[in-house]
Amino acid sequence: MEGAKAQVFGIPVTRDDLARLDYFEDLRDRYLSIEGLEARWHSIEELGLDDDHDRCLRLHHLVSLTRAVEETLDSAFRSGHIPGTAFFGRGNEAASVASASCLRDEEWLIPMHRNCGSHLAKGHPPASIMAHFFGRADGPSAGRDGNFHMGYRPKKIIQLISHIGTTVPIAAGVAWAEKVRGSGRAALTYIGEGGTSAGDFHEGMNLAAVKQLPLVVIVDNNQYAYKTLPEEQFACDSIVLKAPGYGVPGYLIDGTNTLLMHKICGDALDRARAGGGPTLIESVTMRTAGHSVYDKFTDYVDMEQHRKWTEERDPIKRLDAYLLENEIATADEIGESHTRAREEAEGARDEALKSPFPDPESVADDVYAT
Ligand SMILES: Cc1ncc(C[n+]2csc(CCOP(=O)(O)OP(=O)(O)O)c2C)c(N)n1
């Protein structure tokens, strides 16, 4: 029947609405929450986002620094300084920074290959990140990894094992340890929308839900898993619809909105610390660069989609405009934050390039125990 309303997990839908969500349009001004089988759209405007000058400028600086670090790494790759490859989070800088900056120092971050911003927000120094990519002795793997399998022990950042799914059970294990200790500490991890098709994602989510672990899982739905599109990856309208299957609260949000992610993830972590169990947040962004530095994405990405997301949903442009329009920061403060970010990234590159390559004699160190 034309125009008839049906219910999908409590969301009133017409027949036309049953088509896959248009992430660009549907998440302009609203976000979706699912609690039990009750799904509700909410207006972002009514949420009450943070407007504290110092906190907002701190987030702005970290988002800008993330882009500056990745752009500096990109040109370093082209100058031959990166012996392996590099993956960047262009388009998800806001989601990474805004979520990880909700963690306390003593809590755990288990990032993925697009979460340079999460590393920076948790306190991993840019020069150490650069030294990692340059394969230098002062990097966190002491030159053993030329990719993004990078952690940073002093700040409780655990490195990823594979890009595909394996972090979620590890994050669940970390959260379980904190629960057993009764520490009130939480953990935060990420996975790509492609990675949710892997079995490990299911095992980790299920364990976290059954044991009510203090874990927040962010699905970075950047709409491309290398060349695979969401419609070839999952058959439901949106990944957030899997949350009620696990029995956990779910949120579907625009991941290019820094202050929105900061609020939703901050609340989810508070719930986790208070014993309320895990949350699944689907953060929609678009990967507006290649899968890795080697990838010519213009061969397969819809360039009209790319134009819309870079012009209207670039996280940095959006944050600049939001802080200005809401009179949270001045144009001078925003400009100064960008300049400082570029100087910091370039200074970190110069420092990392001074670090030596590892001594070949050390190749077996930390590999075998006798
Ligand atoms: C087990 C395994 N299979 C394949 C790969 C190669 N690979 C790395 S990332 C990736 C795509 C991942 O897509 P998604 O999870 O959506 O994350 P995105 O890269 O888009 O952020 C692939 C196929 C891998 N690293 N490990």
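The values are calculated or read from the model by the stated rules, or taken from the named source; none is laboratory data. These figures come from a predicted structure and were not determined experimentally. Quick reminder, even Gly has a Cβ in these numbers, built from the backbone with ideal geometry, and neighbours come from all protein chains shown.
The figures follow:
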| read-out | value |
| --- | --- |
| Helices (runs of 4 or more DSSP H) (entirely within segment 219-326) containing at least 2 residues that are of a type in the set (V, I, T) and farther than 30 Å from W176 by Cα | none |
| Among residues of segment 207-226, those that are more than 9 Å from the ligand (Cβ to nearest atom) and charged (D, E, K, R), counted | 1 |
| Single condition V168 does not satisfy, out of (1) more than 16 Å from the ligand (Cβ to nearest atom); (2) touching a residue at least 24 places away in the same chain (Cβ under 8 Å); (3) within 20 Å of the chain's Cα centre (by Cα) | (1) |
| Pairs where the first residue, in segment 344-370, is farther than 30 Å from R67 by Cα and the second is assigned to a helix (DSSP H, G or I), C-beta under 9 Å, 6+ apart | none |
| One residue from G195, G199, G204 being near the ligand (Cβ under 9 Å from one of its atoms) and out of contact with any Asp or Glu (no Cβ under 7 Å at 6 or more places or on another chain) | G195 |
| Number of positions in segment 115-127 that are without any contact (Cβ under 8 Å) to a residue 40 or more places away in the chain and either away from the ligand (no atom under 16 Å from the Cβ) or not in a helix (DSSP H, G or I) (or both) | 3 |
| Complete set of residues in segment 68-113 that are basic (K, R) and within 16 Å of the ligand (Cβ to nearest atom) | R90 |
| Residue selected from segment 32-68 under the condition at pLDDT below 95 and crowded, with 21+ Cβ neighbours inside 10 Å, by the criterion nearest to R342 (Cα to Cα) | L32 |
| Search result, residues across segment 45-88 that are over 24 Å from L27 (Cβ atoms) and β-branched (V, I, T) | V69, T72, I82, T85 |
| Residues satisfying the stated conditions in segment 75-105, i.e. surrounded by fewer than 17 Cβ atoms within 10 Å (Cβ to Cβ), in contact (Cβ under 8 Å) with a residue 40 or more places away in the chain and either among the acidic types (D, E) or closer than 29 Å to N257 by Cα (or both) | T85, R104, D105 |
| Any pair with Cβ under 6 angstrom, 6 or more apart, that starts in segment 276-299 at a residue that is closer than 24 Å to N206 by Cβ and ends at one that is among the hydroxyl-bearing types (S, T, Y) and more than 11 Å from the ligand (Cβ to nearest atom) | I281/Y251; V284/Y23 |
| Hits in segment 162-175 (condition: of a type in the set (A, V, I, L, M) and in contact with a helix residue (DSSP H, G or I) (Cβ under 7 Å, 6 or more places away or on another chain)) | I164, V168, A171, A172, A175 |
| Test result for M112, modelled with pLDDT under 95 and either closer than 26 Å to L260 by Cα or assigned to a loop (DSSP other than H, G, I, E, B) (or both) | no |
